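Have a look at the structure below before the remarks.
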Amino acid sequence: MNRVYNFSAGPSMLPLEVLKRVQSQMLDYEGSGMSVMEMSHRSKYYDAINNEAEALLRELMNVPENYDIIFVQGGASTQFEAIPLNLHTNGKADYILSGNFSSKSYSEAKKFTDARAVASSEDKNFTYIPETTVDSFRPDADYVHLCYNNTIFGTRFTKIPEVPAGVPLVGDVSSMILSEVIDVSKFGVLYGGAQKNVAPAGVTVVIVRKDLQDKFAPNCPTMLKWKTQIDKKSLYNTPPCWSTYVAMEVFRYLKERGGVPAMQKINEEKAKILYDYLDNSKFFVNKVNKKDRSLMNVPFFSPSPELDKEFIDAAAKEGLVTLKGHKLVGGMRASIYNAMPIEGVKKLVDFMAKFEKEHK
Ligand SMILES: *Cc1c(COP(=O)(O)O)cnc(C)c1O
């Protein structure tokens, strides 16, 4: 077996311990004589998985009692459409544009509601988090939407924007869920695809405050309506059983290791190693506004696109793979989610230092 350090932005690394456990249960899950992949979602085995996954996520994220958690299909992108359809009262919604996914989310919302971009950092290619005050938002907006961590551009909100009283905040947490402590009570809705920090692609987590569950538009499709799955405990139709099962194993793994506060500490340490090196380097540079830097996704550049390419190819030979930056940014990007061990980050930085020395 020759495992690499995979810096992919998603799907991304899973903890080796979880993969081994899943492997050991692959052919015969808990004496059922079958794999979770082959199992009815109405079986007692899957019922236990569904319940435990929900309970553990609630515990790990400290989700208050007045919120429901559902596991659905369609990825975070489907929620871009679901949000304006599920939170529909006045037909107005305010968006903070801090990157590609918030812009996509905004474009979808425009089809269903009077969506307005109230702040944007597009002027500097999303290298910072735009400032807002409570007055930036319409007091009669159905919601305010933000993307907590900007996967492509490597920025994150370090403080939650203040919004008008009674206006729920909706947050896309796809690329930071369970990586740092989130105050769920500040949000009306949180959602995220699993394939970055939680599980294989397939399951999407949606957390919805109870008082917001009957505000769906009359024409909201059944499958997009959160209430449909909330009422059926995510079992209205066939759920993404396998991904939810792996998610449950990841939740167990995180709980055994001290939960989200412990993860946050390690993630801060990992990010510091990489950013400290970048800040002292005369070769590599991170162009993101310092106070808005992501803990999860770190874009960086060498002095030229040719050297970027040489670096990416040479790194891959050392088992440091998927470091190519997103096409909207270029250069390199190291995604250092929960499952990336600190050793992987140290090995990357050592390799960068060696490359710098050889090329400056
Ligand atoms: C990856 C990502 C998405 C898209 O997720 P899908 O599950 O592929 O639809 C949306 N938002 C953010 C912040 C992401 O990182």
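Numbers below:
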quantity	calculated
Under 5 Å, built H, 5+ apart or other chain: amide partners of Met296	none
Whole-angstrom gap from the range 1-71 to the range 82-103, using each part's C-alpha centre	30
The chain: relative contact order as a whole-number percent, Cα under 8 Å and 6+ apart	23
Hz values of 3J(HN,Hα) by residue in the range 94-105 - Karplus curve (6.51, -1.76, 1.60), Gly and Pro given as x	10, 10, 9, 9, 10, x, 5, 6, 5, 5, 5, 4
Euclidean distance of C-alpha centroids, the range 272-351 and the range 109-126, integer Å	28
FRET efficiency, 1/(1 + (r/R0)^6) with R0 25 Å, evaluated for Lys111 and Val134 via beta carbons	0.35
In Å², nearest 10: area of Phe216 left accessible to a 1.4 Å probe	70
Å² per residue, accessible surface of the range 287-328 at 1.4 Å	52
Ranking by accessible area, most exposed first, for His41, His359, His145 with a 1.4 Å probe	His359, His41, His145
Accessible surface of Asp123 - all protein chains present, 1.4 Å probe, nearest 10 Å²	120
Entries in Lys111/Lys225; Lys287/Lys346; Lys196/Lys282; Lys159/Lys309; Lys186/Lys347; Lys215/Lys255 that, when Cα-Cα distance is taken, lie over 26 Å	Lys196/Lys282; Lys159/Lys309; Lys186/Lys347; Lys215/Lys255
Global form of the chain, assessed from the alpha-carbon gyration tensor, a/c cut-off 1.5	oblate
Cα centre as origin, Lys/Arg/Asp/Glu Cβ charges: the chain dipole, Debye	420
Solvent-accessible area per residue, Å², over the range 162-272 with all protein chains present [probe radius 1.4 Å]	37
Tyr236 accessible area, assembled protein chains, probe 1.4 Å, Å²	100
Per residue solvent-accessible surface (Å²) - the range 1-152, probe of 1.4 Å	46
For Ser35, residues with placed amide H under 5 Å, excluding near neighbours	Tyr29
Candidate residues Glu306, Glu108: accessible-area rank, largest first, probe 1.4 Å	Glu306, Glu108
Karplus-derived HN-Hα couplings along the range 122-138 (A = 6.51, B = -1.76, C = 1.60, θ = phi - 60°), whole Hz, x at Gly and Pro	5, 4, 10, 6, 6, 8, 8, 9, x, 7, 9, 10, 4, 6, 5, 9, 6
13 Å beta-carbon shell around Ala93, net charge (K/R +1, D/E -1)	0
Rounded percent of accessible protein surface that carbon and sulfur make up, the chain, 1.4 Å probe	52
Prolate/oblate/rounded label for the range 81-238 (Cα gyration tensor, a/c 1.5)	oblate
For Tyr143, residues with placed amide H under 5 Å, excluding near neighbours	Asp94
Residue order for Lys270, Lys110, Lys360 - accessible surface, 1.4 angstrom probe, largest first	Lys360, Lys110, Lys270
Helical mean residue ellipticity (222 nm; -39500 (n - 2.57) per DSSP H run of 4+; nearest 500) of the chain	-11000 deg cm²/dmol
Paramagnetic label zone (point 7 Å from Cα along Cα-to-C-beta, Val181; backbone N under 19 Å) in the range 290-332	295-296
Residue-by-residue Karplus 3J(HN,Hα) for the range 76-91, coefficients 6.51, -1.76, 1.60, Hz, glycine and proline x	4, 4, 5, 5, 4, 7, 5, 4, x, 7, 8, 10, 10, 10, 9, x
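The values are calculated or read from the model by the stated rules, or taken from the named source; none is laboratory data. Remember, it's a predicted structure, so these values are computed and weren't measured experimentally. Neighbour counts run over all protein chains shown; Cβ positions are idealised from the backbone, glycine included. The accessibility values were calculated without ligands, DNA or RNA, using every heavy atom of the protein model including side chains. Shrake-Rupley method; radii C 1.70, N 1.55, O 1.52, S 1.80 Å.
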